[in-house]
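Student: Here it is: the structure, laid out below.
Throughout, read-outs are computed from the coordinates displayed, never taken from laboratory work. None of these values were measured; they are calculated from a predicted model. Glycine also receives a Cβ, built like all others from the backbone with ideal geometry; neighbour counts cover every protein chain displayed.
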Amino acid sequence: MYRFLLSRQWVILTLVGLVLIPVMIKLGYWQLHRHQHKVAQNALIARSLADDPVPVTTLAAPGRELPRRDMWRTVTATGTYDTAHEVVVRQRTAADEQSIGYYVVTPLVLGNGRGVLINRGWVSAGNDLTKFPDVPAAPRGKVTVTGRMMADETTAASGIKDTKGLPARQVMLINSSEQAKRTGRPMLGGYIEQTTPEPAGNTPEPVPEPDHDSIGPHMAYAIQWWLFAAAVPVGWIVLVRRERRDRAAAAKEAEEAREAGATAAAGDGGRPADPAGSGETEAAGDEAAPAPANP
């Protein structure tokens, strides 16, 4: 009844289904973990933004990687800007998430001689990407900056390739170690996304606060993958039953056709097999009949 399952076609179909089920289940868990990561990150951002500001030196130190728990913490830093070592970071998006330009990063020299990188905000790239863009000058004298503490950018973490041979004072990543080499000054690990004081004329455009409300479609995707995994065995059973029904119907039609043929053959067997024999019989009958008398 189910011998067709041993056919090459059905063996391949069954094996494909057995492979797809665990793959889809794993993809569902992958999306679930992404959902959980997003929820945890949103909670971390909200908690960090709500915390009271702390001096940057309580979280950062030269050569120290910023722990994840300290990301987005509000910090303050007081010092003077080192505009001679100001750089712009290429391929950055404005608050509208469409316009491409630069982030302006200026070292702030603290009272102990160490520096910390300040992301002052976004400016347009202009028409000539080989030239340093028009950047509003950083405030002179001692200033106090407040902003969000961020970890150093790396290619591994950001996916951005650290391209070499760029025009002067242009970089691809905000990285305190690289800027320490350029300036010859110890730099605190990480950098600050400036929130206050607000720049005159909103230029550079401040980096917007990170989104910590949306959770994305990852949970929906996880459920979809698990539904797909459940649909595979259900679909396999439906196909098996359909195949069995179709084969049974075909076998029944074939049996009916054989029976009809046998019946027709039996009906043909009751008739004279040779019409010529009938002619001979009639001829013999004619010979046996008496000839008509002559008048």
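Student: Of the labelled options (i) 0.97; (ii) 1.63; (iii) 1.02, which one gives Rg/Rh (Cα atoms, Kirkwood Rh) as computed for this structure?
Tutor: Calculated Rg/Rh (Cα atoms, Kirkwood Rh): the matching label is (ii).
Student: Could you check the spin-label model distance between ARG68 and GLU255? Points 7 Å from the Cα along Cα→Cβ, value in nm.
Tutor: Spacing of the two 7 Å Cα→Cβ label points: 6.6 nm.
Student: So if we plug the beta-carbon distance of ALA156 and ALA61 into 1/(1 + (r/R0)^6) with R0 = 30 Å, what FRET efficiency do we get, rounded to 0.05?
Tutor: E between ALA156 and ALA61, to the nearest 0.05, is 0.90.
Student: How far is helix 218-268 tilted, in degrees, relative to the longest principal axis of the Cα atoms in the chain, given as a value from 0 to 90 rounded to the nearest 10?
Tutor: On a 0 to 90 degree scale, this one is about 10.
Student: Moving on. For segment 181-195 and segment 37-110, what is the centre-to-centre distance using only Cα atoms, to the nearest Å?
Tutor: 10
Student: Out of THR58, THR78, THR263, any idea which swings most in a Gaussian network model of the chain, alpha carbons joined below 10 Å?
Tutor: Maximum among the listed residues: THR263.
Student: What percent do you get for the relative contact order of segment 53-202 when only Cα pairs under 8 Å and 6+ apart count?
Tutor: Computed over segment 53-202, the figure is 31 percent.
Student: Give the range of the longest stretch in the chain that excludes all trypsin sites (Lys or Arg not before Pro) found in loop regions by DSSP and having at most 10 other beta-carbon atoms within 10 Å.
Tutor: With a cap of 10 other Cβ atoms within 10 Å, the longest stretch comes to 1-139.
Student: Work out how much length ALA264 to GLN91 would gain on full extension: take 0.36 nm times their residue separation and subtract the Cα-Cα distance, in nm to one decimal.
Tutor: Gain on extension, ALA264 to GLN91, equals 53.7 nm.
Student: Hey, another quick one. Compute the helix-to-body angle for 275-288: its Cα long axis versus the longest principal axis of the chain, expressed 0 to 90° and rounded to tens.
Tutor: 10
Student: Obtain the nm distance between the two label points defined at ASP134 and LEU20 by a simple spin-label model: each point lies 7 Å from its Cα along the Cα-to-C-beta direction.
Tutor: 5.9
Student: Going by C-beta contacts inside 10 Å, put ILE100, ILE25 in order with the fewest on the left.
Tutor: Final ranking by Cβ density, sparse to dense: ILE100, ILE25.
Student: OK, next. At each listed q (0.15, 0.17 Å⁻¹), what is the log10 of I(q)/I(0) that the Debye formula gives for segment 53-202 modelled as equal alpha-carbon point scatterers?
Tutor: Rounded to two decimals, the profile gives -0.74, -0.97.
Student: A further question on this structure: For the chain, take the longest principal axis of its alpha carbons; what is the angle in degrees between that and the long axis of helix 8-50, to the nearest 10 within 0 to 90?
Tutor: Approximately 20 degrees, to the nearest ten.
Student: Which FRET efficiency value, to the nearest 0.05, is calculated for THR83 and ASN112 with the Förster distance at 22 angstrom and r the Cβ-Cβ distance?
Tutor: Once the sixth-power term is evaluated, E becomes 0.65.
Student: Suppose we keep just the DSSP beta bridges with both residues in segment 53-202; what percent of those would be antiparallel, to 5?
Tutor: 80
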